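Novice: One structure, as structure tokens, below. Some questions next.
Rule-based calculations on the coordinates, nothing more; no lab input. Note that the structure is predicted; figures quoted are calculated from it, not measured. Here the Cβ positions follow ideal geometry from the backbone for every residue, glycine too, while neighbour counts run over all protein chains shown.
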Amino acid sequence: MTAPAHHNKKAWPEWVPPSLTTWFNNHFTGPTQTQQLAWRRTFHGGNVLILAPTGSGKTLSAFFSVLAQLGARANRGKLPNAVLAVYVSPLRALGRDIFRNLEEPLEALNAALPAANRIRMEIRTGDTAPNDRARMSRRRPHLLLTTPESLSSLLSQQPWRDGFEPETVIVDEIHSFAENKRGSLLALTLERLQARAPHTLQRIGLSATAQPADAVAQLLCGRRPCAIVSDSIRRVHRLEIHTPLALPAAGYDPGRIAHAVIDAVQQAQTTLAFTATRSAAERLGLALSLLLPDDEPNIAVHHASIERAEREAVEARLAAGQMRAVVCSTSLEMGVDYANVDQVLLIGTPRGVSRALQRLGRSGHKIGGVAFGRIVPLSLPDLLEALAMRQAVLAGYIEDLQIPQSPLDVLAQVLLGLAVERPHKIEEAWELVLAAGPYLNLTRPDFDAALNYLAGGGQVLARFGKIVIEDGTFKVANAKLAREYFQAIGTISEDFRIRIVTKNYRRLGEVEEGFLTSLRPGEAFSMAGKAVEVESLHGAIAVVKPSTSDRVTTPRWMGGKMPLSTRMAEEELRLRCHLRAAWSEGGRPNVEFVLRNVYQATMAQAELAAEFIARQYHAAPIPIDDPVQIEFITRPKRRVIMVHCLAGRAVNQSLAWVAAHRLAQGESVVSNSDDHGHLLVLSNKIDVSEPALRRAYNPDNFLIDLEAVLKTTDTLGRRFRAVAETGQLVKRRGSGQRFQAWNGALIYQTLLTYEPDHLLVKETVRETLGDMLDAPNALRHARHIFETKWEIFEQPRPSPFALPLFAAFNREVLLAQDPGKAFDEFAASIYEEWND
Amino acid sequence: MIELHPSGALWLPEQGTALIADLHLGFAWAQRRRGELWPLTDAGAKEKLDALCRDLNPQTLVLVGDIIHAPNPSPEEAQLIAATLNIKPQIIYVAGNHDRGQNYQSEWRADGIRAIHGDELPAGPEPGTLTVVGHFHPVMKLRDAAQIKRRHRAFLHGNGLIVLPAFSPFASGTDMRDEMPAELQTYFGKNEVDVTLTSGQKLLPLGPYKLGRNGFRASRPATR
């Protein structure tokens, strides 16, 4: 992996300052393969996307040429008071980590420079203190470490009108931006940075393995050329599955497998455990502290709702090798190097291969180290998923990235940002936006609609806009709106938060308002892994004290479970087909044989899984894709229909909605869906004979019906709030604000009635059909169900494979179309309840 | 004789008088002035008002406060408001906390009925008088057949007081089951309160409720 030292001469050009090369040679035996490949490009100023696993010297592969250029420039003469290079990271923690890593080489460079001409490096994020901000706007850092949101804000600020002369921008963990609107904001912000650059801006992207790499390169550079450097050495992974003696039949409660986690924690020095949600992290963290009292001070919970100071303390102790176990959700998933972590636990199978690889990469950080991880399944179905996941990880299958196309709410936000920065010509802004990767296919009418919307236009007289358009130029309407813009940057919507503090005002973290109001007086909940109860509440601050209660609730935060990726669904289907064939050839012993020899299950795991499968066969065979399996449960008044379809939650939700819509004939239908299938609860009056049911999956008009049904649910109304906040229609709800008496769903209904073509309505529908419902894939699966043979089973109760669909009952209601009728139904239902 | 009307009005057929509360005209314009980009529409307030007039044909319409959402409407806004209130019945304007700078009367009385906005609620009932207020935008969040919580606008009637639902289509309302304002809790005390929901087209009497910890709970099942 490490090149012999004599290669060093060729690794970098002659002009690299000796202070830097000496530092490098003192610390490393030579450049890693990734570094050699990357430097060939970065030293020549071209755009580069570096795809490499952690532990391959990634940071220096991107930064070395930048440091060298800064040093060389300082040697040539006085550095300007300006930002010369920008580093953008998705996480603030990552910025701090990079800062620590760059301090040494920078000191080495600066030691050889006169005191008056040293290279300055600073971090600028939402957390930066006012005095630090003021200092930076006087004395510019030459190397600025920031986030897309903070950079976007800086570019509009008056004190930063000059002193921005960037030559290079480095975007870290760029794959993490690919599938969300932060990426759209990032791409547009990079174009704004280019507009300030004296020459063509050099763009360097760092990414975990991503597929297709071209899509990531396009996010970074738009249509400009971009070299892709990919480390051909695949990271060595060791992935075990760690199971307790027994597993629940369904559910996601990590408390139930805590003893297995403890067993694993005790076998390693430092464990990093990943859960699916913040709530699960809290619950597991609490369980570990209780069950491992000796290690309690060295066990911590880490997630985005925990106070920053607490998180930083945990990060520092983790870096210093003082922690026994840290339980986190996604907050430690990316980039930060913790060389001491020698075991990663995946609590519950992560629903995607890329995600699993990313998390596994958090261990074995020493260059050339082996990543060691264990999946701890949460239930019997999860054990099967874990076995399938391991096959996919070892084979290196990863998912294709889906990059949102031309999100209009982010466009509106950035156009307002341009207007706040200075008056812009419309044509100039159009060129700028069109150069950004996600907006290459933006249409002119959509662009004009966004400007018109910001100008206050609409069907009614244009007045009171945020911008003013005159003679082909637009600018912000007034100074107050310009100030308010800075509070509204970003694409992440958050619920109203209440800050949790101890009696002596130590901040522990935040919970959502809704959770706090649901607590009974004196009821305990866990925060940062400690059991606490509310002592008093002062507006947006809750003072808590330690609780001794034996029942402890876990806070819920918005942002639900990760959906199963298409890749994982395929892998799981392959496993099911395999096991079904094995059963029909030789029953249970044969299933155990396949699990042990093909899927490397331990004897205990094979037995657990085989027992679960044997139970399934009492009801029905293992559901696969051909024939399509359908279960019926008939109750006195209603019928439950479960369709097994291993296609992910988005596809199943779309299928459930369209089928319900086509079958309902004006009645309300309850539907539910998860990654492995969907179910419908229908009145017995509805015809569900096989031909009638089959017609409900007819691919003809499927997408038209999907959009129609979407508009009858309350999904769009719920999703509208985030779009309205990002798109600047309403102010972002911040801390200290009371709950809104006028809600988002109402504005949405109003728009739908009075301005159905509104920019943000269009964006909400686009986002929902594309991201949430995965419409193209749903159509493919509808055709498959429509055309394939079925096996139908009448059941007294759901089969074991159908049980999780009931356990995670996040039902959606298809409202009867006529509101009057819906009201009647509601009235009937409550009287029915009271008459029971 | 008093009747509840699905639009959210209280109807006195003998006097030919209808009372509505919380029109909040110019709401969307006020949001624009605050720097938000709300759709500039009344969301159907004018249509709702016209439909009410067609349906009941009242001689007098009492607006029980919060008629104009924000002070100092712009000329266009004032014009729209005037057009909205250009209706056949005679209009009586009772002042609400939002109607700053308007020269409205503080209460309206006729035949044992007194209408005040309700931002300053009396301590208890006035003997022989039914007090009608708005201000609180009452709704009830109830689960439907599919266990989904939905908000329904509500009339409250108890201890000599009627609270009208907000007439403005923009108002999403305050849930009387877990967010009931303290003044109302104090006023209703241990008295039973009749709750009637409205869909806009239909009324649904839910029967009597009593105060629980944060608001109402059903005191006995309703009968049809």
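Novice: Counting only other chains, and only Cβ atoms inside 10 Å, what mean value do you get across the residues of B:29-35?
Specialist: 5
Novice: As a quick test, which of the pairs A:LYS181/A:LYS711; A:LYS711/A:LYS789; A:LYS711/B:LYS46; A:LYS58/A:LYS762; A:LYS762/B:LYS46; A:LYS530/B:LYS210 have an alpha carbon distance above 29 angstrom in this structure?
Specialist: Cα-Cα > 29 Å for A:LYS711/A:LYS789; A:LYS58/A:LYS762; A:LYS530/B:LYS210; rest within.
Novice: Taking region B:2-107, which trypsin sites (Lys or Arg not before Pro) meet the DSSP loop condition and have no more than 11 other C-beta atoms within 10 Å?
Specialist: Sites meeting the loop and neighbour criteria: B:ARG100.
Novice: Straight-line reach from A:LYS425: which lysines have Cα under 23 Å away, leaving out those fewer than 8 places along the same chain?
Specialist: Straight-distance partners of A:LYS425: A:LYS466, A:LYS475, A:LYS480.
Novice: Farthest toward the dipole's positive end in region B:3-218, which of B:PRO89, B:MET140, B:GLY26, given Cβ charges of +1 (Lys, Arg) and -1 (Asp, Glu) about the Cα centre?
Specialist: B:MET140
Novice: Would you mind checking the tilt of helix B:75-84 against the longest principal axis of the Cα atoms of chain B, expressed as 0 to 90 degrees and rounded to 10?
Specialist: 50 degrees
Novice: Among DSSP beta bridges whose residues both lie in chain B, state the antiparallel percentage, nearest 5.
Specialist: Beta bridges within chain B, antiparallel portion: roughly 60 percent.
Novice: Just going by the charge dipole of chain A, with Lys and Arg at +1 and Asp and Glu at -1 on Cβ, which of A:LEU746, A:LEU94, A:TYR453 is farthest out on the positive end?
Specialist: The listed residue farthest towards the positive side: A:LEU94.
Novice: Give the list, by residue number, of cysteines in the protein assembly as shown with no other Cys Cβ closer than 4.7 Å, or say none.
Specialist: So, A:CYS328, A:CYS577, A:CYS645, B:CYS53.
Novice: Please give the calculated 222 nm ellipticity per residue for chain B, where each DSSP H segment of at least 4 residues contributes -39500 (n - 2.57) and the sum is spread over every residue; nearest 500 deg cm²/dmol?
Specialist: -4500 deg cm²/dmol
Novice: Take the alpha carbon atoms of region A:564-626, find their center, do the same for region A:415-446, and report the distance between the two centers in whole angstrom.
Specialist: Here the answer is 53 Å between Cα centres.
Novice: Among all stretches of chain B without exposed GluC sites (Glu not before Pro) (DSSP loop, at most 11 other Cβ atoms within 10 Å), which one is longest?
Specialist: B:15-119
Novice: Then there is this: Is the shape of region A:375-455 rounded, prolate or oblate, going by the alpha carbon gyration tensor and its root eigenvalues a ≥ b ≥ c, with a/c under 1.5 for rounded and a/b larger than b/c for prolate?
Specialist: prolate
Novice: How high is the relative contact order of chain A, given as a whole-number percent (alpha carbon pairs under 8 Å, six or more residues apart)?
Specialist: 11 percent
Novice: Which of the aspartates and glutamates could a cross-linker bridge to B:LYS190, judged by Cα under 20 Å and excluding same-chain residues fewer than eight apart?
Specialist: In chain and number order, the partners are B:GLU126, B:ASP175, B:ASP178, B:GLU179.
Novice: Averaging over every viewing direction, what projected area does the convex hull of the Cα atoms of chain B cover, in nm²?
Specialist: If I average the Cα hull's projected area over directions, I get 13.1 nm².
Novice: Further, regarding this structure: On a straight-distance basis, which aspartates and glutamates could pair with A:LYS545 in a cross-link, Cα separation under 12 angstrom, same-chain partners fewer than 8 positions away excluded?
Specialist: Once the sequence-local aspartates and glutamates are set aside, what remains near A:LYS545 is A:GLU523, A:GLU533, A:GLU535.
Novice: Another one. Could you give the dipole magnitude of the protein assembly as shown about its Cα centre, charging the beta-carbon of Lys and Arg +1 and that of Asp and Glu -1, in debye to the nearest 20?
Specialist: Value, rounded to 20: 2200 debye.
Novice: Ok, one more. In whole Å, what is the distance between the alpha-carbon centres of region A:78-102 and region A:127-176?
Specialist: Distance between centres, Cα-based: 9 Å.
Novice: Something else: Evaluate 2.2 N^0.38 Å with N set to the residue count of region A:140-255, then give the Cα radius of gyration divided by it.
Specialist: Dividing the Cα radius of gyration by 2.2 N^0.38 Å gives 1.49.
Novice: What is the helix-to-structure angle for A:649-664, meaning the angle in degrees between its Cα long axis and the longest Cα principal axis of chain A, kept from 0 to 90 and rounded to the nearest 10?
Specialist: Relative to chain A, helix A:649-664 is tipped by roughly 40 degrees.
Novice: For chain A, what proportion of DSSP beta bridges, expressed in % and rounded to the nearest 5, is antiparallel?
Specialist: 45 percent
Novice: Turning to a different aspect of this structure: Sorted from largest down, give the three principal axis spans of the alpha carbons of the protein assembly as shown, whole angstrom values.
Specialist: 105, 78, 60
Novice: If you don't mind, there's one more thing I want to ask. Please return the longest stretch of chain A lacking exposed loop sites, where chymotrypsin sites (Phe, Trp or Tyr not before Pro) count only if DSSP places them in a loop and at most 15 other Cβ atoms lie within 10 Å.
Specialist: The reported range is A:16-485.
Novice: Just to confirm the filter: which trypsin sites (Lys or Arg not before Pro) across region A:224-322 are DSSP coil and have at most 14 other Cβ within 10 angstrom of their Cβ?
Specialist: Here the trypsin sites (Lys or Arg not before Pro) that fit, given the DSSP loop and packing criteria, are A:ARG234.
Novice: First check a/c for region A:42-113, with a ≥ b ≥ c the square roots of the eigenvalues of its C-alpha gyration tensor; if it is under 1.5, answer rounded, and if not, answer prolate when a/b is larger than b/c or oblate otherwise.
Specialist: Prolate is the answer for region A:42-113, as a/c is 1.5 or above and a/b outweighs b/c.
Novice: To the nearest 500 deg cm²/dmol, what mean residue ellipticity at 222 nm is calculated for chain A from DSSP H runs of n ≥ 4 alone, each contributing -39,500 (n - 2.57), summed and divided by the residues?
Specialist: Mean residue ellipticity at 222 nm (helix-derived): -13500 deg cm²/dmol.
Novice: Taking only Cα atoms, what is the 0 to 90° angle, nearest 10, from helix A:33-42's long axis to the longest principal axis of chain A?
Specialist: Approximately 60 degrees, to the nearest ten.
Novice: Further question on the same structure: Where a ≥ b ≥ c are the square roots of the eigenvalues of the C-alpha gyration tensor, would you call region A:5-230 rounded, which needs a/c under 1.5, or, failing that, prolate if a/b is larger than b/c, or oblate?
Specialist: It comes out oblate by the Cα gyration axes.
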